[in-house]
Amino acid sequence: MASKCKCPPPGAPEWVMTYGDMMSLLLTFFILLLSLSEIKKEDEWKAVVEEVKKSFGMKGGGGRLPTDNDPALTLVKILETVQNQQRKQQHTSNTDDPGMSGRDQRVTTIRPGDYIPMGGLITFQPGLADLSDVAKRKIRSFIEQEEFDIRGTNYIIQLRGHAATAEADLLGGTGRDLWDLSYERAKAVMEFLVSDEIGLNPEQVRLIGAADREPLKKQAYSSTQRQINRRVEVMVSDNVIKDHSVTQAKTSW
């Protein structure tokens, strides 16, 4: 006589729960990959990646609680995000000359290294190194923005002064050349930044005069077109004064 088949115990076996959890996680993972594959814009892609990092709350193998002021987002990364958002916007002139038109109206500056531009271009009148009231208002406006406010920090700031080739004719007989003019422009911006009105730490500032070696518009035939070549660029670094001092001490004899 055949033995009766024993009925299995009631309920699902334990391995089914683990299997179900694993399949759910795999499904979620593949949906995430599919959604990311549809992102074509660089700034949107970076925003999604940062949000995913914050959601997991993991970095470098250690756990941390995600916060609104994420310490992993350094000043340079914040400025890069702002630059991505403003990349397709034209720079606003800070002189009274009429604006430029045409395909060269948008200026995009890409520089290697740790320094990235902030706050747009500070332009000057031909042959002059004096900051106009319009230029001062522009500096005040971007310094007072929360994402650009570098007051009270130790980040190294580089001011790159530039001149237009045609300005050499205006300097005849003054004993100065384009190197002097570009440096004087950078120094004028520095003096305003470290003044009581702005209050930047003088030890943060580094000055560079580039003369006419880095024109943004090479084929410029009028004063208005050469305006963006008569400029100072404000560049910010992720390096701080203390780190720079330690590096200098290690490399000194």
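Readers should treat all values here as calculations from the given coordinates under stated rules, not as data from a laboratory. Since the model is a prediction, treat every value here as computed from it, not as a measurement. Cβ placement follows ideal geometry from the backbone for every residue including glycine, while neighbour counts extend to all protein chains displayed.
Worth a mention:
- By other beta-carbon atoms within 10 Å, ranking VAL134, VAL189, VAL16 with the fewest at the front produces VAL16, VAL134, VAL189.
- Cα convex hull, the range 114-246: 114 Å³ per residue, rounded to a whole number.
- Computed E for ASP149/LYS53 - FRET, C-beta separation, R0 25 angstrom, nearest 0.05: 0.50
- Arranged from fewest to most other beta-carbon atoms within 10 Å of their beta carbon, TYR221, TYR155, TYR19, TYR183 become TYR221, TYR19, TYR155, TYR183.
- Label-to-label distance, nm, for residues given as LEU26 and LEU171 (7 Å Cα→Cβ offset): 6.9
- Pairs exceeding a 31 Å alpha-carbon distance, out of LYS136/LYS218; LYS53/LYS136; LYS54/LYS187: LYS53/LYS136; LYS54/LYS187.
- Applying 1/(1 + (r/R0)^6) with R0 = 25 Å to the Cβ-Cβ distance of LYS242 and GLU191 gives a FRET efficiency near 0.55.
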